[in-house]
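Peer 1: One structure is given below, represented as structure tokens, and several questions about it will come after.
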Ligand SMILES: Cc1cc2nc3c(=O)[nH]c(=O)nc-3n(C[C@H](O)[C@H](O)[C@H](O)COP(=O)(O)OP(=O)(O)OC[C@H]3O[C@@H](n4cnc5c(N)ncnc54)[C@H](O)[C@@H]3O)c2cc1C
């Protein structure tokens, strides 16, 4: 069985490795970019996805590059602590949570693909433009005029997926919720013990900050990833959807000028970044099906979601493992695609919807609504029980409830 993968991002490369692991060795990856470049800023890989990467033999490399996040803490815009919880191994998972540079994660996956499948399987500069699906094979066409024929085509081509558009030509551009995200990485001193991820503020004016580099940690320093999210004034146009688009540092600092906390000086953090990248917070409505016979979707092409709860890359990795498993075990490709659709579409659609409701970070909004000027005692604003319930409910929806994950059988093909 030959699998054509359109898109060599985290989803596409994870699929290639998962297929190889499942014994399906005929794989061709077509990536639009001229090279697989280690771009982006920080990203979180949650325990449910680290488990899958560990089963693919990549745990040591992740541990050499990323920070095993030990705590997640939410603060108000005044720097008052609302909630904190252990994360990864500290929370009882059998697998860590890693905060890592997206480019390094992509590099780990790419090197493994080259080693295991061969460099000749990765075709860069190959932008898919269309495909024909008849009763048998699928013929994929690329912008440079080349073609590739396979038994299945998987669209891993991100939020602007050409493969998705072929089935939903009228869907239009992704939906913007009015929030602009500025992102960067800054070298600095470790904060809050060096393995804590924090969020401060509330939806619409929120900072997300976490360290991402083991090398820096070993040197007593921190490479700090940050995302500044700010709801634009009504009527302002949507920022460009280009992950590499940079803006002036002052734009990101202005809404967060007052975020100077005992443990972290946010304006100084933003000012210290080498570059500030701007991107709109966008998603798409969940689809009614990803089951298109011998064609399907994976990762952001299938379920682009707001970056709430750190789930985009993690869900793409799990998609890859489930699809590879079904392709190895089901009697036909069509049956495998149907089984994949039935297993992965409902939970990822639920996450897309949960993220629109601000996911686990709702507690920060409740505190802002109830005590915008700050609080003397947190329990007068929000009860412990309410906080625990918000955290528990999201873990359940996103599939990383520790007990469920620790007990779940492996997705590896025996
Ligand atoms: C350059 C870049 C930087 C990013 N930076 C961050 C970040 O810093 N933090 C974060 O949380 N998330 C970031 N993301 C998004 C994050 O990586 C994804 O949400 C997540 O990992 C899902 O992965 P994916 O493989 O499904 O999609 P993507 O990561 O979007 O990968 C899609 C891949 O398909 C390729 N592609 C697109 N169109 C075509 C086509 N027509 N034919 C062939 N290939 C095509 C793209 O070049 C890309 O390599 C970034 C994405 C990109 C592309």
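The values are calculated or read from the model by the stated rules, or taken from the named source; none is laboratory data. The model shown is predicted, which means the values in this text are computed figures rather than measured ones. Here Cβ is always computed from backbone atoms with ideal geometry, including for glycine, and neighbour counts include all displayed protein chains.
Peer 1: Output the residues belonging to the range 250-289 that are without any contact (Cβ under 8 Å) to a residue 40 or more places away in the chain and either touching a strand residue (DSSP E or B) at 6+ places or on another chain (Cβ under 7 Å) or assigned to a loop (DSSP other than H, G, I, E, B) (or both).
Peer 2: 257, 267, 288
Peer 1: Also, I was wondering about something else. So if I check each of 173, 190, which one is modelled with pLDDT under 95, assigned to a loop (DSSP other than H, G, I, E, B) and more than 12 Å from the ligand (Cβ to nearest atom)?
Peer 2: None of the other options fit; the residue is 173.
Peer 1: Quick check on residue 54: is it under 30 Å from residue 260 (Cβ atoms), away from the ligand (no atom under 16 Å from the Cβ) and assigned to a helix (DSSP H, G or I)?
Peer 2: No; evaluated as a whole, the condition is false for this residue.
Peer 1: So, in the range 289-317, of the ones that are surrounded by fewer than 24 Cβ atoms within 10 Å (Cβ to Cβ) and away from the ligand (no atom under 11 Å from the Cβ), which residue ends up modelled with the lowest pLDDT?
Peer 2: 309
Peer 1: I'm trying to understand the selection: among the residues of the range 134-165, which are part of a strand (DSSP E or B), more than 23 Å from residue 332 (Cβ to Cβ) and within 11 Å of the ligand (Cβ to nearest atom)?
Peer 2: Selection gives 141, 142.
Peer 1: Something else: Do any helices (runs of 4 or more DSSP H) lying entirely in the range 327-414 carry at least 3 residues that are touching a strand residue (DSSP E or B) at 6+ places or on another chain (Cβ under 7 Å) and more than 24 Å from residue 46 (Cα to Cα), and which ones are they?
Peer 2: none
Peer 1: When you look at residue 321, is it closer than 22 Å to residue 88 by Cα, in contact with a helix residue (DSSP H, G or I) (Cβ under 9 Å, 6 or more places away or on another chain) and modelled with pLDDT under 95, yes or no?
Peer 2: no
Peer 1: Shifting gears a bit: Looking at (1) under 30 Å from residue 264 (Cα atoms); (2) within 16 Å of the ligand (Cβ to nearest atom), which one does residue 89 not meet, given that it meets all the others?
Peer 2: If we test residue 89 against (1) under 30 Å from residue 264 (Cα atoms); (2) within 16 Å of the ligand (Cβ to nearest atom), just (2) comes out false.
Peer 1: A follow-up question, please. Hey, among the residues in the range 181-207 that are closer than 15 Å to residue 267 by Cα and without any contact (Cβ under 8 Å) to a residue 60 or more places away in the chain, which one's surrounded by the fewest Cβ atoms within 10 Å (Cβ to Cβ)?
Peer 2: That would be 189.
Peer 1: If residue 29 satisfies all but one of (1) closer than 23 Å to residue 263 by Cβ; (2) within 10 Å of the ligand (Cβ to nearest atom), what's the number of the condition it fails?
Peer 2: Of (1) closer than 23 Å to residue 263 by Cβ; (2) within 10 Å of the ligand (Cβ to nearest atom), only one is false for residue 29: (1).
Peer 1: If you check 130, 103, which single one turns out to be touching a residue at least 12 places away in the same chain (Cβ under 8 Å), more than 29 Å from residue 399 (Cβ to Cβ), surrounded by fewer than 21 Cβ atoms within 10 Å (Cβ to Cβ) and within 11 Å of the ligand (Cβ to nearest atom)? Spell out the reasoning first.
Peer 2: Numbers: 103 fails: more than 29 Å from residue 399 (Cβ to Cβ).
Within the list 130, 103, the selection yields 130.
Peer 1: Condition check: at pLDDT 95 or above, surrounded by fewer than 21 Cβ atoms within 10 Å (Cβ to Cβ) and within 16 Å of the ligand (Cβ to nearest atom). Does residue 286 satisfy that?
Peer 2: So residue 286 passes the test.
Peer 1: Next question, about the same structure. With the requirement that a residue be within 22 Å of residue 226 (Cβ to Cβ) and either assigned to a loop (DSSP other than H, G, I, E, B) or more than 10 Å from the ligand (Cβ to nearest atom) (or both), what does the range 32-48 give you?
Peer 2: Once the filter is applied, which keeps residues that are within 22 Å of residue 226 (Cβ to Cβ) and either assigned to a loop (DSSP other than H, G, I, E, B) or more than 10 Å from the ligand (Cβ to nearest atom) (or both), the range 32-48 yields 37, 38, 39, 40, 41, 46.
Peer 1: Taking interchain pairs and intrachain pairs at least six residues apart, which have beta carbon atoms under 8 angstrom, with the first residue in the range 4-25 and within 15 Å of residue 333 (Cβ to Cβ) and the second near the ligand (Cβ under 6 Å from one of its atoms) and in a strand (DSSP E or B)?
Peer 2: As it stands, the answer is 4/30; 5/30, since those pairs meet every condition given.
Peer 1: A further question follows. Which residue, of 397, 348, 343, is without any contact (Cβ under 8 Å) to a residue 40 or more places away in the chain, in contact with a helix residue (DSSP H, G or I) (Cβ under 9 Å, 6 or more places away or on another chain) and either surrounded by fewer than 17 Cβ atoms within 10 Å (Cβ to Cβ) or within 23 Å of residue 10 (Cα to Cα) (or both)?
Peer 2: One residue alone meets the criteria, 343.
Peer 1: Kindly establish whether residue 242 is within 17 Å of residue 179 (Cβ to Cβ) and either free of Cβ contacts under 8 Å to residues at least 24 places away in the same chain or within 14 Å of the ligand (Cβ to nearest atom) (or both). Steps first, please.
Peer 2: Details: within 17 Å of residue 179 (Cβ to Cβ): yes; either free of Cβ contacts under 8 Å to residues at least 24 places away in the same chain or within 14 Å of the ligand (Cβ to nearest atom) (or both): yes.
Criteria met by residue 242.
Peer 1: Quick one: is residue 16 part of a loop (DSSP other than H, G, I, E, B) and either within 19 Å of residue 154 (Cα to Cα) or touching a helix residue (DSSP H, G or I) at 6+ places or on another chain (Cβ under 6 Å) (or both)?
Peer 2: Here the answer is no, as residue 16 does not meet what is asked.
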